[in-house]
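Asker: The structure under discussion is supplied below as structure tokens; questions concerning it will follow.
The values are calculated or read from the model by the stated rules, or taken from the named source; none is laboratory data. Since we're looking at a predicted model, the values are computed, not measured. Neighbour counts are summed over all protein chains in view; Cβ atoms, including those assigned to glycine, are modelled from backbone coordinates with ideal geometry.
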């Protein structure tokens, strides 16, 4: 074997090595196999942790009574039944509650997203006197534990006669930028608007578009992702909240005739003694197994609208990337 | 002193938010009139006034709301902390009194604050524990949620499916659903066996192993509590201009380099936002032992609402300091110099990429 | 003229005396003409409360009961908000006594209780005076009762050739069983608990007990039951009598680390009434060979008027109610009153949800009145277990229920949080932690605990007197 041959072999070897390395670790434009494996393993593991309780709930909500009472059928129902769902729909008065709940959650969410995006834009785009003061107030509203202001806030509500069992208090607070966790929404929008190149907005303003139009036509479309996220968050918060909803509706109004939410209806299911005494010590909680399946089915039904909403909205993430690619830098 | 406070100062406290709101509104009206009357002039003063007016136009509803619904509550709760609050046919505020050295009855408005120091012996220890836990958890939560967001943003199969699943913690951790699940004992997934960790850590010195095993035991909890952060990062990633990635690719930068030089600088403000959010939720969440102390004090017969209000205010100051420290650590160093906050992020990202090759390539592209 | 006047005066006096005497012995008549609405705050099952309220309305057509639904988590904050707004519900359940002692929110219902024969004779003796905070005035009464239940596994007893004790067993018998029933060879632990000897013991071993830790109305008695039981409880854990979930020994026998009470490896499970739902409505538990027999908490052999620990939620009438008499009647009917309880027993057996499923598989709570008719109505609602069916015997052995200090003793919660669990004991935070670690001898601390408890109580009562008047 000549030296040249050996060199050639060596080179081939290194090329093969390189290729292997490239395939495993990836290059600038392609992810390597190893990296892919790591990513999928991580994603699947964590997804499993998040899915586990939901799957558990789902499988139990499909079980028949005999399955539920049988310890060996912990996961898979031997026979699938829709009766729990039928029962849950009846007990929660589902379609009626769902409709009321949609009104209670959607109306303030829409207001909250709009107002918070405006406020975030105002803070990010303009310089004005007392701006730092108002920013400090915003942060204070974020970090002050709610325990300290809940009583005076309730009194303000009562003085203004807001809690009248309608959707009014939800909308009014949201329009005035004081919806559930509105501070976080403002901060998210503030961050996004800050990243919008000012030259774009200024150009529009100089073109005579006016300040509001520049915000509406240029700045807002550039932060679709923020709109998606804030819409999702607000909707979930309004959907899941029970303590404040009771307060906003006026404590007497949360009965069948007034407005209600699915979570409040779901809470009626709960055995009161689960919550009272569990905090004190750890023993098994009372489970009335028969109602348990209905409760699981009810919980699934209660979070289903949220999941559907998210699945629809998450597609916007991809679109907004492209849009930013076109109009952005 | 106490007398003067109770008679002259404290009763005014309630009006501050409304007076503030009124003054700002009056100033705005005056500025509006001025701007309308002398609109033709293009002086810096004019510009400044127009900018301010537009700024206030955008924040106006929020400003009104925060004065009515938040600042008034803040003023009230501050007020309560200087009194003894009784629920007797509505809400009664009783001035705090004590005896001076000569045995005379005197007003002592600060008594609640002083007795927090005297009575809450567990307060400092709980606070220190909380601070240590915060320092350990914050980087883990931020790093974890950033990694997840990056993965969810990449080209993976079943992206919509994965994204939907990673939204679950947002739905579940904030609602009564969580209670349902913990009642069923399913939220503690047996993923990380405690025993394995303990045996691994047994060789280490205690001051290292204890916090680490604590962290692991809270891993599941951290997973469940980072849903919001993941989504904020995911949304933030949509803001990274795709052109920059393309330029980097042409430059031959590896994925690792692209991450450090483009993605991370662009996400810096999101990291700051997420850190603030995480600190605040950890500090004010119902699982925080200090919030527990405050809650207990609120309904304790010898302490009461006013005392708890004083406690909360002291705690708020501490959390604010913690937040300030977080802010100072994470915020960009250049922020001090650069006044134009608008271009900063994009520019700094680009600065990272400023190789001549890229510039040339971009120029050639433009020319073509 | 003078004679006439004096005659009239005497007559008037006699009449008023008559009236006074009458008022002292019987309750004033309910208003039957005006339309009255009584608001009722509860976290109990909505369907059940609504059904009881409807029944009350049926009996008193001019009185409507309006239910304000809350949760245990929101209850205290809701009450505070409503009180601050001067809009308290007429009748309300509550969770902690202390905020009510610090604010004059409750009505003194002693005149009604004292004029109510049922309250004086039918209520369990320990519950008759439970709301008498200062001995003269009563600010609350029992609302819902769930006793502590001690489950003895007959299958395990059979395995060890032991006889089950009688339903009226004693505390000493129980300790004897705990100390002699552990058999590692067969994988059997003597006991496990939710609320252990430290909670149940002081109540069972103190004479004339009214509250937790041997509370007698004025003093705690840490020296009677507590000091022995706190030592025993930590000793039992050390000696391996207690099945400890997650411990190596337990995992070796029960690899899936299930709740010991259902594992079939524990002879005595000290637990609560609501656990029956898990044990008796799950054939799976029975299929594993579990034969749980319910017992009431035993009383000390030589203890006079001892109590049995249980969970009792209290109920109050608002100090600002416009219809105190009617509010009292509503509160009584929807909680402990016999008339209401007969209806409640009926509802426990028949109530269904909108889908037509029975809501209760077992009675949701137990009566607070001693009455054969109530027991007779209740007994058939419990399942025949096959191996055991003496439910009326079980129900008859409930006596003198005593509940958490936080429900009945002013200042208790602060005492426990700040002193008992919060102080430093020889380098440990909390006395139980120090005892479990063997750092201190509990006998050295009984006087200090009695004294400190007394101090917290006195401080709380000072606040109470300043708020409700001397």
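Asker: Filtering region C:79-98 down to residues that are closer than 24 Å to residue C:325 by Cα and facing another protein chain (nearest Cβ under 7 Å), which residue is surrounded by the most Cβ atoms within 10 Å (Cβ to Cβ)?
Answerer: Per the criteria, the residue is C:83.
Asker: Go through region B:30-130 and tell me which helices (runs of 4 or more DSSP H), entirely inside it, have 1 or more residues that are under 24 Å from residue A:122 (Cα atoms). Let's see the steps before the verdict.
Answerer: Numbers: elements: B:44-65, B:72-80, B:111-119.
Per the criteria, B:44-65, B:72-80.
Asker: State yes or no: is residue B:137 surrounded by 13 or more Cβ atoms within 10 Å (Cβ to Cβ) and assigned to a strand (DSSP E or B)?
Answerer: Values: surrounded by 13 or more Cβ atoms within 10 Å (Cβ to Cβ): yes; assigned to a strand (DSSP E or B): no.
No; evaluated as a whole, the condition is false for this residue.
Asker: Given the criterion at pLDDT 80 or above, more than 11 Å from chain B (Cβ to nearest Cβ) and over 24 Å from residue A:91 (Cα atoms), identify the matching residue among A:259, A:232, A:220.
Answerer: Details: A:259 fails: over 24 Å from residue A:91 (Cα atoms); A:232 fails: more than 11 Å from chain B (Cβ to nearest Cβ).
Selected residue: A:220, the only one of A:259, A:232, A:220 that is at pLDDT 80 or above, more than 11 Å from chain B (Cβ to nearest Cβ) and over 24 Å from residue A:91 (Cα atoms).
Asker: Sticking with this one: Quick one: in region B:242-254, of everything that is facing chain A (nearest Cβ under 8 Å) and surrounded by fewer than 21 Cβ atoms within 10 Å (Cβ to Cβ), which residue is farthest from residue B:166 (Cα to Cα)?
Answerer: By that ranking, first place goes to B:252.
Asker: Is it true that residue C:408 is buried (at least 19 other Cβ atoms within 10 Å of the Cβ), at pLDDT 90 or above, out of contact with any helix residue (DSSP H, G or I) (no Cβ under 7 Å at 6 or more places or on another chain) and away from chain B (no Cβ under 14 Å)? Explain how you work it out, then say what you get.
Answerer: Details: buried (at least 19 other Cβ atoms within 10 Å of the Cβ): yes; at pLDDT 90 or above: yes; out of contact with any helix residue (DSSP H, G or I) (no Cβ under 7 Å at 6 or more places or on another chain): yes; away from chain B (no Cβ under 14 Å): no.
So residue C:408 fails the test.
Asker: May I ask you to verify whether residue A:71 is under 30 Å from residue A:295 (Cβ atoms) and at pLDDT below 65? So that I can check it myself, show each step before the final result.
Answerer: Numbers: under 30 Å from residue A:295 (Cβ atoms): yes; at pLDDT below 65: yes.
In short, yes.
Asker: Shifting gears a bit: Does any residue of region C:425-435 turn out to be within 29 Å of residue C:94 (Cα to Cα), away from chain B (no Cβ under 14 Å) and crowded, with 20+ Cβ neighbours inside 10 Å? Explain how you work it out, then say what you get.
Answerer: Narrowing region C:425-435 to residues within 29 Å of residue C:94 (Cα to Cα): C:430-432.
Narrowing further to those that are away from chain B (no Cβ under 14 Å): C:431-432.
From what is left, the residues that are crowded, with 20+ Cβ neighbours inside 10 Å are C:431.
There is at least one residue in region C:425-435 that is within 29 Å of residue C:94 (Cα to Cα), away from chain B (no Cβ under 14 Å) and crowded, with 20+ Cβ neighbours inside 10 Å.
Asker: Another one. For the list (1) free of Cβ contacts under 8 Å to residues at least 60 places away in the same chain; (2) closer than 30 Å to residue C:81 by Cβ; (3) more than 10 Å from chain A (Cβ to nearest Cβ), I need the number of the one condition that residue B:68 fails.
Answerer: (3)
Asker: Of all the residues that make up region C:143-166, how many are surrounded by fewer than 16 Cβ atoms within 10 Å (Cβ to Cβ) and farther than 20 Å from residue C:188 by Cα?
Answerer: 1
Asker: Moving on to the next point. For region B:254-277, state whether one or more residues are within 30 Å of residue A:50 (Cβ to Cβ), under 16 Å from the mean Cα position of the chain (by Cα) and free of Cβ contacts under 8 Å to residues at least 40 places away in the same chain.
Answerer: Yes, region B:254-277 contains a residue that is within 30 Å of residue A:50 (Cβ to Cβ), under 16 Å from the mean Cα position of the chain (by Cα) and free of Cβ contacts under 8 Å to residues at least 40 places away in the same chain.
Asker: Looking at C:214, C:187, which one is free of Cβ contacts under 8 Å to residues at least 24 places away in the same chain and surrounded by 15 or more Cβ atoms within 10 Å (Cβ to Cβ)?
Answerer: Details: C:187 fails: free of Cβ contacts under 8 Å to residues at least 24 places away in the same chain.
Result: C:214 is the single residue among C:214, C:187 that is free of Cβ contacts under 8 Å to residues at least 24 places away in the same chain and surrounded by 15 or more Cβ atoms within 10 Å (Cβ to Cβ).
Asker: Go through B:230, B:197, B:220, B:262 for me and flag whichever is at pLDDT 85 or above and either surrounded by 17 or more Cβ atoms within 10 Å (Cβ to Cβ) or within 14 Å of chain A (Cβ to nearest Cβ) (or both).
Answerer: Details: B:197 fails: at pLDDT 85 or above; B:220 fails: at pLDDT 85 or above; B:262 fails: at pLDDT 85 or above.
Result of the check over B:230, B:197, B:220, B:262: B:230.
Asker: Which members of region A:140-174 meet the condition of being part of a loop (DSSP other than H, G, I, E, B) and either touching a helix residue (DSSP H, G or I) at 6+ places or on another chain (Cβ under 6 Å) or within 7 Å of chain B (Cβ to nearest Cβ) (or both)? Full working, then the answer.
Answerer: Pass one, region A:140-174, residues part of a loop (DSSP other than H, G, I, E, B): A:144-145, A:160-167.
Of everything in region A:140-174, those that are part of a loop (DSSP other than H, G, I, E, B) and either touching a helix residue (DSSP H, G or I) at 6+ places or on another chain (Cβ under 6 Å) or within 7 Å of chain B (Cβ to nearest Cβ) (or both) turn out to be A:144, A:145, A:162, A:163, A:165, A:167.
Asker: If you check residue B:333 against the conditions, is it farther than 29 Å from residue A:188 by Cα, more than 12 Å from every other protein chain (Cβ to nearest Cβ) and modelled with pLDDT under 90? Working first, answer last.
Answerer: On the way: farther than 29 Å from residue A:188 by Cα: no; more than 12 Å from every other protein chain (Cβ to nearest Cβ): yes; modelled with pLDDT under 90: yes.
So residue B:333 does not fit the description; no.
Asker: On the given criteria, is residue A:177 closer than 17 Å to residue B:57 by Cβ, within 20 Å of the chain's Cα centre (by Cα) and part of a loop (DSSP other than H, G, I, E, B)? Before you say what the answer is, go through the steps one by one.
Answerer: Details: closer than 17 Å to residue B:57 by Cβ: yes; within 20 Å of the chain's Cα centre (by Cα): yes; part of a loop (DSSP other than H, G, I, E, B): yes.
Against the criterion (closer than 17 Å to residue B:57 by Cβ, within 20 Å of the chain's Cα centre (by Cα) and part of a loop (DSSP other than H, G, I, E, B)), residue A:177 qualifies.
Asker: Take the residues in region B:282-313 that are more than 13 Å from chain C (Cβ to nearest Cβ) and surrounded by fewer than 19 Cβ atoms within 10 Å (Cβ to Cβ), then tell me which one is nearest to residue A:226 (Cα to Cα).
Answerer: Among them, the one singled out is B:285.
Asker: I need the full set of residues from region B:148-173 which are more than 8 Å from chain A (Cβ to nearest Cβ), without any contact (Cβ under 8 Å) to a residue 24 or more places away in the chain and in contact with a helix residue (DSSP H, G or I) (Cβ under 8 Å, 6 or more places away or on another chain), in order please.
Answerer: B:159
Asker: Out of (1) surrounded by 24 or more Cβ atoms within 10 Å (Cβ to Cβ); (2) within 7 Å of chain B (Cβ to nearest Cβ); (3) outside any loop (DSSP other than H, G, I, E, B); (4) modelled with pLDDT under 95, what's the single condition that is false for residue A:119?
Answerer: (4)
Asker: A follow-up question, please. So which residues in region C:129-147 are under 22 Å from residue C:199 (Cβ atoms) and either assigned by TED's automatic domain parsing to the domain that holds residue C:470 or part of a strand (DSSP E or B) (or both), if there are any at all?
Answerer: C:142, C:143, C:144, C:145, C:146, C:147
Asker: Please specify each residue of region C:51-76 satisfying the condition of being part of a helix (DSSP H, G or I), touching a residue at least 24 places away in the same chain (Cβ under 8 Å), within 14 Å of chain A (Cβ to nearest Cβ) and farther than 19 Å from residue C:87 by Cβ.
Answerer: Answer for region C:51-76, where residues must be part of a helix (DSSP H, G or I), touching a residue at least 24 places away in the same chain (Cβ under 8 Å), within 14 Å of chain A (Cβ to nearest Cβ) and farther than 19 Å from residue C:87 by Cβ: C:51, C:53.
Here is a yes/no grid of residues against (1) at pLDDT 90 or above; (2) at negative phi; (3) more than 14 Å from chain A (Cβ to nearest Cβ):
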residue	(1), (2), (3)
C:220	yes, yes, yes
C:225	no, yes, yes
C:251	no, yes, yes
C:259	no, yes, no
C:280	no, yes, no
C:289	no, no, no
C:317	yes, yes, yes
